[in-house]
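The structure under discussion appears below in the form of structure tokens.
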Amino acid sequence: MDDSARHIIELYQRHASAWDQARRGNTQGVESELRWLQRFRQLMGSGVQVLDLGCGGAEPMASDLIEHGCELTGVDSSRTLVDLCRQRHGDQRWIHDDMRNLALNEDFDGILAWNSLFHLSPDDQRAMFAVFERHARPGCALMFTSGPAAGEAIGQFQGEALYHASLDPGEYCTLLDTHGFEVVRHVSEDPDCCGFTVWLARSLDY
């Protein structure tokens, strides 16, 4: 595992404002992401309670969900980004925590880990599926992004190493099945969404 994996939380805290500005400034990319978010909402049906893991500053994903009537519980490891969420949407719930440790004793209609799960090490990603399971109601929509194949990729943000990792697609399928989810839609390196690899799944009704 690359050493940058151990410093991802500190990186986002140091550069929270720059990250938020970059997210809000990427209007063309955001439009394509919101099309996936529409599919996520449709899969939730009439449900409104959403757990957003790695919510950032709420822009654009959480804000769009709120605009469409969802009740948000957002979790992020950057206190600065959580404070931005509270400033923008004070009527929603925002939690400063590491999503790997999350145990709210609640369940949700939708769980989102958009561009956050893939910053975890492979072993931490595997463990996250138990976190998804214990927060999912029957029929819960789950959407997350990954890489297209198993491996690590080290990008850069603000001149610092930015860690990414992915499991093999077959292992994601196995983990989803083991933890009570079925794959609804999966697109690898979606050309219509910034090349993201997207998973949309639903928890089974039992």
| query | Within region 152-194, which residues are farther than 23 Å from HIS15 by Cβ and of a type in the set (Asp, Glu)? | reply | ASP168, GLU171, ASP177, GLU182, GLU189, ASP190, ASP192
| request: Scan GLY147, GLY151, GLY170 and give me the residue that is on the phi > 0 side of the Ramachandran plot and at pLDDT 95 or above. | output: GLY151
| message | Considering only residues that are more than 15 Å from MET143 (Cα to Cα) and of a type in the set (Ser, Thr, Tyr), which ones fall in region 167-206? | response | THR174, THR178, TYR206
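Name the strands (runs of 3 or more DSSP E) wholly within region 130-183 that hold at least 3 residues that are in contact (Cβ under 8 Å) with a residue 24 or more places away in the chain, within 17 Å of the chain's Cα centre (by Cα) and buried (at least 20 other Cβ atoms within 10 Å of the Cβ)? Please lay out each step first, then the result.
On the way: elements: 136-146, 151-157, 160-166.
Result: 136-146, 160-166.
Is there a residue in region 114-131 that is on the phi > 0 side of the Ramachandran plot and either touching a Pro at 6+ places or on another chain (Cβ under 8 Å) or at pLDDT 95 or above (or both)?
Here is the first cut: in region 114-131, the ones on the phi > 0 side of the Ramachandran plot are 115.
Within this subset, residues satisfying the condition of being either touching a Pro at 6+ places or on another chain (Cβ under 8 Å) or at pLDDT 95 or above (or both) are none.
Looking for residues that are on the phi > 0 side of the Ramachandran plot and either touching a Pro at 6+ places or on another chain (Cβ under 8 Å) or at pLDDT 95 or above (or both), one finds none in region 114-131, hence no.
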| task | Go through region 90-109 and give me each residue that's among the charged types (D, E, K, R), over 17 Å from PHE129 (Cα atoms) and surrounded by fewer than 14 Cβ atoms within 10 Å (Cβ to Cβ). | result | ASP91
| remark: The residue that is nearest to LEU112 (Cα to Cα), considering only those in region 184-206 that are in contact (Cβ under 8 Å) with a residue 60 or more places away in the chain, surrounded by fewer than 15 Cβ atoms within 10 Å (Cβ to Cβ) and not basic (Lys, Arg), is LEU204
| query | Since SER78 meets every condition but one in (1) more than 26 Å from VAL184 (Cα to Cα); (2) buried (at least 21 other Cβ atoms within 10 Å of the Cβ); (3) modelled with pLDDT of 95 or more; (4) of a type in the set (Gly, Ala, Ser), which condition does it not meet? | reply | (3)
| said: Condition first: in contact with a strand residue (DSSP E or B) (Cβ under 8 Å, 6 or more places away or on another chain) and more than 29 Å from PRO122 (Cα to Cα). Can you find one or more residues in region 7-24 that meet it? | reply: no
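Determine whether region 185-198 contains at least one residue that is under 18 Å from VAL131 (Cα atoms) and at pLDDT 95 or above. Break it down into steps so the answer makes sense when it comes.
Filtering region 185-198 for residues under 18 Å from VAL131 (Cα atoms) gives none.
Taking every residue of region 185-198 in turn, none turns out to be under 18 Å from VAL131 (Cα atoms) and at pLDDT 95 or above.
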| Within the bounds of region 24-37, is there any residue that is touching a residue at least 60 places away in the same chain (Cβ under 8 Å), hydroxyl-bearing (Ser, Thr, Tyr) and within 19 Å of GLU67 (Cα to Cα)? | yes
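The values are calculated or read from the model by the stated rules, or taken from the named source; none is laboratory data. Predicted model, so just to flag it, every value in this text is computed and none were measured. Every residue, glycine as well, gets a Cβ built from its backbone with ideal geometry; the counts of neighbours run over all protein chains shown.
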